[in-house]
Amino acid sequence: MTKFISESPNLEFRWSLERYHQAIELGLLTELDKVELLFGEIVAKIPVGEPHADVLSDIADFFYERLGTKYKFRSQSPVTLPNDSEPEPDFAVVVRRKYNPETGHPKPDDILLLIEVADSTLKYDRTQKAEAYALANVKEYWIVNIPERQVELHLKPSPEKGLYRSLSVHEAGGQFMSPFCGEVEVDKVLPDEV
């Protein structure tokens, strides 16, 4: 009898970007499959709760009021990164241009700022997501930390090490200076306190 699956515990399957895109094109993965690709692994996305959704709306309002239509704002849409990764950050500010099949999703050179809104995903956003974004040389990455009511500002990526050399934490009621968009009041991107 022929065995089709190796019993070797070291055998690990990794998805390439090309294979992931083929699965989407063939309908094997659809919009109903709430997943993203990170380091060659298909990862399930956590459903968005009410505070998370509200924060995303506040973030969109904040950037539209501040920057108008100078840049493109994407919410929970893919960005294509090296290392077989195509995460769907909660919010991205990217250069304004038309994307087409040839250019694809925004790539690191198109990305000005990425934001993850963390309630139940805080550890994942601080580790795997931060590593993927630093490896791709994303210059500015925020984690809007809902439970602790703060914004974590990650700057100065080290692509060779997969980490950010600068991390500052800004509490509710405070402000911080974003290299991309200037002074930010933390409360503008947090949900109202209950």
(message) For the list (1) closer than 27 Å to Ala172 by Cβ; (2) surrounded by fewer than 16 Cβ atoms within 10 Å (Cβ to Cβ); (3) aliphatic (A, V, I, L, M), I need the number of the one condition that Ile146 fails.
(response) (2)
(message) Suppose we filter the stretch 159-168 for residues that are of a type outside the set (Lys, Arg), exposed (fewer than 14 other Cβ atoms within 10 Å of the Cβ) and either modelled with pLDDT of 95 or more or touching a Phe, Trp or Tyr at 6+ places or on another chain (Cβ under 7 Å) (or both); how many remain?
(response) 2
(request) Could you give me the residue pairs with C-beta distances under 9 Å whose first residue belongs to the stretch 83-103 and is touching a residue at least 24 places away in the same chain (Cβ under 8 Å), whose second residue is in a strand (DSSP E or B) and among the small types (Gly, Ala, Ser) wherever it lies, and which are 6+ apart or on separate chains? (result) Pro89/Ser75; Asp90/Ser75; Asp90/Ala118; Phe91/Ser75
(message) Going by what's in this entry, would Leu37 be described as surrounded by 15 or more Cβ atoms within 10 Å (Cβ to Cβ), at pLDDT 85 or above, aliphatic (A, V, I, L, M) and not in a loop (DSSP other than H, G, I, E, B)?
(response) yes
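Just name the residue that is nearest to the chain's Cα centre (by Cα) out of those in the stretch 89-101 that are at pLDDT below 95 and either more than 25 Å from Asp33 (Cβ to Cβ) or crowded, with 17+ Cβ neighbours inside 10 Å (or both).
Restricting attention to the stretch 89-101, the residues satisfying the condition of being at pLDDT below 95 are 95-101.
Add one more test, that the residue is either more than 25 Å from Asp33 (Cβ to Cβ) or crowded, with 17+ Cβ neighbours inside 10 Å (or both), and what stays is 95-98.
On the way: Val95: 16, Arg96: 18, Arg97: 20, Lys98: 20 Å.
Only one residue fits best here, namely Val95.
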(message) Restricting to the stretch 36-48, count the residues that are within 23 Å of Pro147 (Cβ to Cβ), in contact with a strand residue (DSSP E or B) (Cβ under 9 Å, 6 or more places away or on another chain) and aliphatic (A, V, I, L, M).
(response) 4
(request) Just give me the residues in the stretch 104-125 being touching a residue at least 40 places away in the same chain (Cβ under 8 Å) and among the charged types (D, E, K, R), in sequence order. (result) Asp119
(message) Consider the stretch 138-167. How many of its residues are assigned to a loop (DSSP other than H, G, I, E, B) and more than 14 Å from Pro51 (Cα to Cα)?
(response) 6
(message) So Pro51 passes all but one of these: (1) out of contact with any strand residue (DSSP E or B) (no Cβ under 6 Å at 6 or more places or on another chain); (2) farther than 25 Å from Gln150 by Cα. Which condition number does it fail?
(response) (2)
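What strands (runs of 3 or more DSSP E) lie completely within the stretch 57-133 and have 3 or more residues being within 27 Å of Glu41 (Cβ to Cβ)?
Answer list for the stretch 57-133: 91-94, 111-118.
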(request) Scan the stretch 168-194 residue by residue and report those that are over 19 Å from the mean Cα position of the chain (by Cα), part of a loop (DSSP other than H, G, I, E, B) and under 19 Å from Asp125 (Cα atoms). (result) Pro191
(request) Considering (1) in contact with a strand residue (DSSP E or B) (Cβ under 6 Å, 6 or more places away or on another chain); (2) free of Cβ contacts under 8 Å to residues at least 12 places away in the same chain, say which one Asp192 fails and leave the rest. (result) (1)
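The values are calculated or read from the model by the stated rules, or taken from the named source; none is laboratory data. Everything quoted here is computed from the prediction, not taken from an experiment. We place every Cβ from the backbone using ideal geometry, glycine too, and count neighbours over all the protein chains shown.
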